[in-house]
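Written below as C-alpha coordinates is the structure these notes are about.
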Amino acid sequence: MKTIFIDCNDQMAPVWDMVLKPGDPPIDVHRKEIAAGELPSVIRGYDIAIDDHSYMPTTLVAQCPELKHIVFLGTGPASYMNVAELEARGTKVHIIKGYGDTAVAEHSIALLWACARDIARMDREVRRGVWTPHEGVQLLGKTLGVIGLGGIGREVARIGKGMGMEVIGWNRTKHPEITVPLVDIDTLLAKSDVVSMNLTLGDETRGFLSPARIGRMKKGVIYVNTARGALADEAALIAALKSGHIRHAGLDVFHNEPLSKDHPLAQMENVTLTAHAAFRTLEASMTLLRRSIDIVKRIVA
(Lines give C-alpha, C1' and ligand atoms only; values in the text may rest on other atoms or scores of the structure.)
Protein backbone atom coordinates (compact mmCIF):
# COMPACT_ATOMS: atom_id res chain seq x y z
CA MET A 1 0.00 0.00 0.00
CA LYS A 2 1.31 3.44 -0.94
CA THR A 3 1.38 6.17 1.73
CA ILE A 4 2.01 9.92 1.58
CA PHE A 5 2.40 12.58 4.26
CA ILE A 6 0.66 15.36 2.36
CA ASP A 7 1.69 18.48 4.30
CA CYS A 8 4.98 18.06 6.15
CA ASN A 9 6.16 21.64 6.68
CA ASP A 10 9.70 22.82 7.42
CA GLN A 11 9.04 22.79 11.16
CA MET A 12 7.84 19.17 11.21
CA ALA A 13 10.31 17.75 8.68
CA PRO A 14 13.27 17.35 11.06
CA VAL A 15 10.99 15.85 13.72
CA TRP A 16 9.66 13.40 11.15
CA ASP A 17 13.23 12.34 10.34
CA MET A 18 13.92 11.88 14.07
CA VAL A 19 11.05 9.44 14.68
CA LEU A 20 11.52 7.18 11.64
CA LYS A 21 12.73 3.69 12.51
CA PRO A 22 14.24 0.83 10.49
CA GLY A 23 11.43 -1.39 9.30
CA ASP A 24 8.85 1.40 8.95
CA PRO A 25 6.82 1.17 5.74
CA PRO A 26 7.91 3.56 2.97
CA ILE A 27 6.09 6.90 3.23
CA ASP A 28 6.44 9.64 0.63
CA VAL A 29 6.65 13.15 2.08
CA HIS A 30 5.11 16.16 0.32
CA ARG A 31 6.66 19.37 1.63
CA LYS A 32 5.09 22.03 -0.57
CA GLU A 33 1.97 23.98 0.38
CA ILE A 34 -1.19 22.57 -1.20
CA ALA A 35 -3.12 25.27 -3.05
CA ALA A 36 -6.91 25.10 -3.33
CA GLY A 37 -7.90 22.42 -5.82
CA GLU A 38 -4.47 20.75 -5.92
CA LEU A 39 -5.28 18.00 -3.41
CA PRO A 40 -6.16 15.30 -6.01
CA SER A 41 -2.83 15.75 -7.78
CA VAL A 42 -1.04 15.19 -4.46
CA ILE A 43 -2.93 12.14 -3.19
CA ARG A 44 -3.75 10.42 -6.49
CA GLY A 45 -2.41 6.87 -6.54
CA TYR A 46 -2.03 6.61 -2.77
CA ASP A 47 -3.94 4.27 -0.45
CA ILE A 48 -3.09 6.15 2.78
CA ALA A 49 -2.65 9.87 3.42
CA ILE A 50 -1.25 11.43 6.59
CA ASP A 51 -2.80 14.88 7.05
CA ASP A 52 -1.47 17.51 9.44
CA HIS A 53 -4.03 20.29 9.04
CA SER A 54 -4.87 20.49 5.33
CA TYR A 55 -8.47 20.78 4.19
CA MET A 56 -9.70 17.62 2.46
CA PRO A 57 -13.09 18.38 0.87
CA THR A 58 -15.08 15.28 -0.06
CA THR A 59 -15.44 16.43 -3.65
CA LEU A 60 -11.67 16.48 -4.09
CA VAL A 61 -10.96 13.27 -2.20
CA ALA A 62 -13.63 11.56 -4.33
CA GLN A 63 -11.42 12.11 -7.37
CA CYS A 64 -8.99 9.61 -5.85
CA PRO A 65 -11.04 6.45 -5.17
CA GLU A 66 -7.92 4.44 -4.30
CA LEU A 67 -7.50 6.47 -1.07
CA LYS A 68 -8.82 4.22 1.70
CA HIS A 69 -7.29 5.73 4.84
CA ILE A 70 -6.62 9.24 6.18
CA VAL A 71 -4.46 9.49 9.31
CA PHE A 72 -5.26 12.88 10.82
CA LEU A 73 -2.58 14.33 13.08
CA GLY A 74 -4.80 15.13 16.04
CA THR A 75 -8.29 14.65 17.38
CA GLY A 76 -10.34 17.22 15.44
CA PRO A 77 -10.60 16.23 11.77
CA ALA A 78 -14.13 17.66 11.55
CA SER A 79 -12.62 21.14 11.09
CA TYR A 80 -10.86 20.00 7.92
CA MET A 81 -13.02 17.28 6.36
CA ASN A 82 -16.48 15.74 6.49
CA VAL A 83 -15.64 12.48 8.24
CA ALA A 84 -19.09 10.92 7.75
CA GLU A 85 -19.08 11.63 4.01
CA LEU A 86 -15.58 10.28 3.55
CA GLU A 87 -16.26 7.11 5.51
CA ALA A 88 -19.52 6.58 3.59
CA ARG A 89 -17.38 6.62 0.45
CA GLY A 90 -15.04 4.02 1.92
CA THR A 91 -12.23 6.24 3.25
CA LYS A 92 -11.53 5.55 6.93
CA VAL A 93 -10.39 8.53 9.04
CA HIS A 94 -8.00 7.71 11.89
CA ILE A 95 -7.31 10.14 14.75
CA ILE A 96 -4.55 10.30 17.36
CA LYS A 97 -5.51 10.95 20.98
CA GLY A 98 -3.47 11.84 24.02
CA TYR A 99 -0.25 12.76 22.23
CA GLY A 100 -0.09 16.32 23.57
CA ASP A 101 -2.48 16.69 26.51
CA THR A 102 0.11 18.44 28.67
CA ALA A 103 1.41 20.61 25.83
CA VAL A 104 -2.07 21.88 24.94
CA ALA A 105 -3.03 22.39 28.58
CA GLU A 106 0.14 24.38 29.26
CA HIS A 107 -0.63 26.55 26.22
CA SER A 108 -4.15 27.11 27.54
CA ILE A 109 -2.72 28.30 30.84
CA ALA A 110 -0.17 30.49 29.01
CA LEU A 111 -3.03 32.17 27.13
CA LEU A 112 -4.91 32.55 30.42
CA TRP A 113 -2.00 34.43 32.03
CA ALA A 114 -1.52 36.55 28.90
CA CYS A 115 -5.19 37.51 28.92
CA ALA A 116 -5.33 38.19 32.65
CA ARG A 117 -2.35 40.55 32.54
CA ASP A 118 -2.67 42.05 29.02
CA ILE A 119 0.82 40.76 28.27
CA ALA A 120 0.59 40.67 24.47
CA ARG A 121 -1.02 44.10 24.29
CA MET A 122 1.65 45.71 26.48
CA ASP A 123 4.37 43.98 24.48
CA ARG A 124 2.99 45.51 21.28
CA GLU A 125 2.66 48.94 22.90
CA VAL A 126 6.13 49.03 24.47
CA ARG A 127 7.66 48.11 21.10
CA ARG A 128 5.82 51.12 19.61
CA GLY A 129 7.14 53.41 22.33
CA VAL A 130 3.85 53.49 24.29
CA TRP A 131 4.26 53.05 28.06
CA THR A 132 0.86 52.14 29.55
CA PRO A 133 0.88 49.78 32.55
CA HIS A 134 -2.53 48.12 32.13
CA GLU A 135 -4.31 46.80 35.19
CA GLY A 136 -4.64 43.01 35.23
CA VAL A 137 -6.67 40.34 36.96
CA GLN A 138 -5.32 38.33 39.90
CA LEU A 139 -6.19 34.66 39.40
CA LEU A 140 -5.68 33.34 42.93
CA GLY A 141 -9.08 32.30 44.28
CA LYS A 142 -10.89 32.94 41.00
CA THR A 143 -13.13 30.26 39.48
CA LEU A 144 -11.91 28.33 36.45
CA GLY A 145 -14.63 26.55 34.50
CA VAL A 146 -13.38 23.76 32.25
CA ILE A 147 -15.71 22.69 29.44
CA GLY A 148 -14.71 19.17 28.39
CA LEU A 149 -12.77 16.99 30.80
CA GLY A 150 -10.88 14.66 28.53
CA GLY A 151 -7.11 14.39 28.85
CA ILE A 152 -6.46 18.05 28.01
CA GLY A 153 -9.29 19.41 30.14
CA ARG A 154 -8.17 17.39 33.14
CA GLU A 155 -4.63 18.76 32.72
CA VAL A 156 -5.98 22.32 32.55
CA ALA A 157 -7.94 21.65 35.74
CA ARG A 158 -4.88 20.18 37.48
CA ILE A 159 -2.68 23.17 36.64
CA GLY A 160 -5.45 25.65 37.49
CA LYS A 161 -5.91 24.06 40.90
CA GLY A 162 -2.15 24.25 41.45
CA MET A 163 -2.34 27.98 40.74
CA GLY A 164 -4.83 28.39 43.56
CA MET A 165 -7.96 28.65 41.43
CA GLU A 166 -11.30 27.11 42.30
CA VAL A 167 -11.99 24.62 39.51
CA ILE A 168 -15.38 23.40 38.30
CA GLY A 169 -16.17 21.47 35.15
CA TRP A 170 -18.77 20.27 32.67
CA ASN A 171 -18.48 17.09 30.65
CA ARG A 172 -20.88 15.20 28.41
CA THR A 173 -20.29 11.96 30.32
CA LYS A 174 -19.10 11.02 33.79
CA HIS A 175 -16.11 8.71 34.14
CA PRO A 176 -13.79 7.72 37.00
CA GLU A 177 -10.83 9.85 35.85
CA ILE A 178 -12.78 13.05 36.51
CA THR A 179 -12.07 14.42 39.97
CA VAL A 180 -13.23 17.97 39.24
CA PRO A 181 -16.59 19.00 40.77
CA LEU A 182 -19.14 18.78 37.94
CA VAL A 183 -21.91 21.35 37.42
CA ASP A 184 -24.46 21.96 34.68
CA ILE A 185 -23.31 24.18 31.84
CA ASP A 186 -25.42 27.19 32.83
CA THR A 187 -23.98 27.13 36.36
CA LEU A 188 -20.45 26.89 34.99
CA LEU A 189 -20.97 29.85 32.69
CA ALA A 190 -22.56 31.98 35.41
CA LYS A 191 -19.92 31.25 38.07
CA SER A 192 -16.65 31.10 36.13
CA ASP A 193 -14.21 34.00 36.01
CA VAL A 194 -12.31 32.03 33.37
CA VAL A 195 -13.80 29.56 30.88
CA SER A 196 -11.46 27.09 29.19
CA MET A 197 -12.90 25.37 26.11
CA ASN A 198 -11.59 21.82 25.74
CA LEU A 199 -14.34 19.94 23.88
CA THR A 200 -13.83 17.83 20.78
CA LEU A 201 -15.58 19.26 17.72
CA GLY A 202 -18.36 17.13 16.22
CA ASP A 203 -21.90 17.53 14.96
CA GLU A 204 -23.24 17.57 18.52
CA THR A 205 -20.73 20.19 19.79
CA ARG A 206 -20.47 22.54 16.82
CA GLY A 207 -21.66 25.94 18.03
CA PHE A 208 -21.80 24.67 21.63
CA LEU A 209 -21.24 28.18 22.95
CA SER A 210 -24.34 29.62 21.30
CA PRO A 211 -25.30 33.30 21.49
CA ALA A 212 -27.62 32.44 24.39
CA ARG A 213 -24.87 30.63 26.30
CA ILE A 214 -22.36 33.39 25.65
CA GLY A 215 -24.94 35.78 27.06
CA ARG A 216 -25.09 33.70 30.24
CA MET A 217 -21.35 33.96 30.85
CA LYS A 218 -20.25 36.01 33.84
CA LYS A 219 -19.62 39.65 32.92
CA GLY A 220 -15.87 40.28 32.64
CA VAL A 221 -15.04 36.62 32.00
CA ILE A 222 -11.81 35.50 30.33
CA TYR A 223 -12.39 32.95 27.56
CA VAL A 224 -9.64 30.58 26.38
CA ASN A 225 -10.01 28.20 23.44
CA THR A 226 -7.30 25.77 22.33
CA ALA A 227 -9.80 23.18 21.06
CA ARG A 228 -11.64 24.28 17.90
CA GLY A 229 -12.96 27.68 16.81
CA ALA A 230 -16.30 26.31 15.64
CA LEU A 231 -17.23 25.30 19.19
CA ALA A 232 -18.32 28.92 19.75
CA ASP A 233 -20.62 31.14 17.69
CA GLU A 234 -18.12 33.55 16.16
CA ALA A 235 -20.43 36.54 15.69
CA ALA A 236 -21.69 36.32 19.27
CA LEU A 237 -18.12 35.95 20.58
CA ILE A 238 -17.01 39.07 18.70
CA ALA A 239 -20.03 41.03 19.94
CA ALA A 240 -19.34 40.01 23.55
CA LEU A 241 -15.71 41.07 23.22
CA LYS A 242 -16.70 44.43 21.75
CA SER A 243 -19.19 45.10 24.54
CA GLY A 244 -16.77 44.03 27.27
CA HIS A 245 -19.06 41.24 28.44
CA ILE A 246 -16.05 39.01 27.72
CA ARG A 247 -13.07 40.89 29.15
CA HIS A 248 -10.45 39.08 27.07
CA ALA A 249 -10.18 36.02 24.85
CA GLY A 250 -7.11 33.87 24.30
CA LEU A 251 -7.58 31.99 21.04
CA ASP A 252 -5.38 29.40 19.37
CA VAL A 253 -8.06 28.12 16.97
CA PHE A 254 -10.46 29.77 14.53
CA HIS A 255 -13.37 29.01 12.22
CA ASN A 256 -11.10 29.49 9.20
CA GLU A 257 -7.34 29.06 9.36
CA PRO A 258 -5.03 30.78 8.89
CA LEU A 259 -6.81 33.79 10.40
CA SER A 260 -6.70 36.73 7.99
CA LYS A 261 -5.06 39.91 9.24
CA ASP A 262 -8.23 41.92 8.56
CA HIS A 263 -10.49 39.55 10.53
CA PRO A 264 -12.34 41.32 13.38
CA LEU A 265 -10.63 39.12 15.98
CA ALA A 266 -7.24 40.25 14.68
CA GLN A 267 -8.21 43.90 15.14
CA MET A 268 -9.23 43.73 18.80
CA GLU A 269 -6.92 44.69 21.67
CA ASN A 270 -8.71 42.38 24.10
CA VAL A 271 -7.94 39.27 22.07
CA THR A 272 -4.64 37.37 22.34
CA LEU A 273 -3.96 35.18 19.31
CA THR A 274 -1.69 32.24 18.58
CA ALA A 275 -1.38 30.26 15.36
CA HIS A 276 -2.95 26.87 16.23
CA ALA A 277 0.28 26.08 18.06
CA ALA A 278 -0.92 24.64 21.37
CA PHE A 279 0.44 21.15 20.73
CA ARG A 280 3.65 22.34 19.07
CA THR A 281 6.30 21.14 21.45
CA LEU A 282 9.08 18.81 20.41
CA GLU A 283 7.87 16.20 22.87
CA ALA A 284 4.28 16.26 21.62
CA SER A 285 5.27 16.42 17.96
CA MET A 286 7.55 13.40 18.28
CA THR A 287 4.79 11.40 19.94
CA LEU A 288 2.23 12.50 17.36
CA LEU A 289 4.32 11.67 14.30
CA ARG A 290 5.53 8.35 15.72
CA ARG A 291 1.96 7.28 16.42
CA SER A 292 0.94 8.24 12.87
CA ILE A 293 3.64 5.95 11.48
CA ASP A 294 2.53 3.15 13.80
CA ILE A 295 -1.04 3.52 12.49
CA VAL A 296 0.25 3.21 8.94
CA LYS A 297 2.23 0.10 9.98
CA ARG A 298 -0.94 -1.51 11.35
CA ILE A 299 -2.92 -0.67 8.21
CA VAL A 300 -0.22 -2.04 5.93
CA ALA A 301 0.14 -5.18 8.04
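The values are calculated or read from the model by the stated rules, or taken from the named source; none is laboratory data. Keep in mind it's a predicted model, so treat the numbers as computed, not measured. When we count neighbours, we look across all protein chains shown, and the Cβ atoms used for this are built from the backbone with ideal geometry, even at glycine.
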Would you be able to tell me the number of residues in the stretch 21-40 that are loosely packed, with under 13 Cβ neighbours inside 10 Å and assigned to a helix (DSSP H, G or I)? 0
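Using the structure shown, decide if Asp184 is of a type in the set (Asp, Glu) and either surrounded by 20 or more Cβ atoms within 10 Å (Cβ to Cβ) or in the same structural domain as Val93 (by TED's automatic domain parsing) (or both). Please lay out each step first, then the result.
Working: of a type in the set (Asp, Glu): yes; either surrounded by 20 or more Cβ atoms within 10 Å (Cβ to Cβ) or in the same structural domain as Val93 (by TED's automatic domain parsing) (or both): no.
No.
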Taking the stretch 110-124 and keeping only residues that are buried (at least 23 other Cβ atoms within 10 Å of the Cβ) and either aliphatic (A, V, I, L, M) or in contact with a helix residue (DSSP H, G or I) (Cβ under 7 Å, 6 or more places away or on another chain) (or both), one is left with Leu111, Leu112
From the list Thr200, Thr173, exactly one residue is under 20 Å from Phe279 (Cβ atoms), at pLDDT below 95 and of a type in the set (Ser, Thr, Tyr). Which is it? Thr200
Need a quick list: helices (runs of 4 or more DSSP H) entirely within the stretch 208-301 having at least 1 residues that are under 23 Å from His94 (Cα atoms) and among the acidic types (Asp, Glu). 282-300
The stretch 224-248: number of residues that are without any contact (Cβ under 8 Å) to a residue 60 or more places away in the chain, on the phi < 0 side of the Ramachandran plot and not hydrophobic (A, V, I, L, M, F, W, C): 6
Apart from one, (1) touching a strand residue (DSSP E or B) at 6+ places or on another chain (Cβ under 8 Å); (2) free of Cβ contacts under 8 Å to residues at least 12 places away in the same chain all hold for Thr59; the odd one out is (1)
Give me the residue from the stretch 198-229 that is closer than 20 Å to Asp252 by Cβ and more than 17 Å from the chain's Cα centre (by Cα) and, out of that set, surrounded by the most Cβ atoms within 10 Å (Cβ to Cβ). Ile222
Meets criteria (among the β-branched types (Val, Ile, Thr) and either closer than 23 Å to Thr287 by Cα or free of Cβ contacts under 8 Å to residues at least 12 places away in the same chain (or both)) for Ile43: no
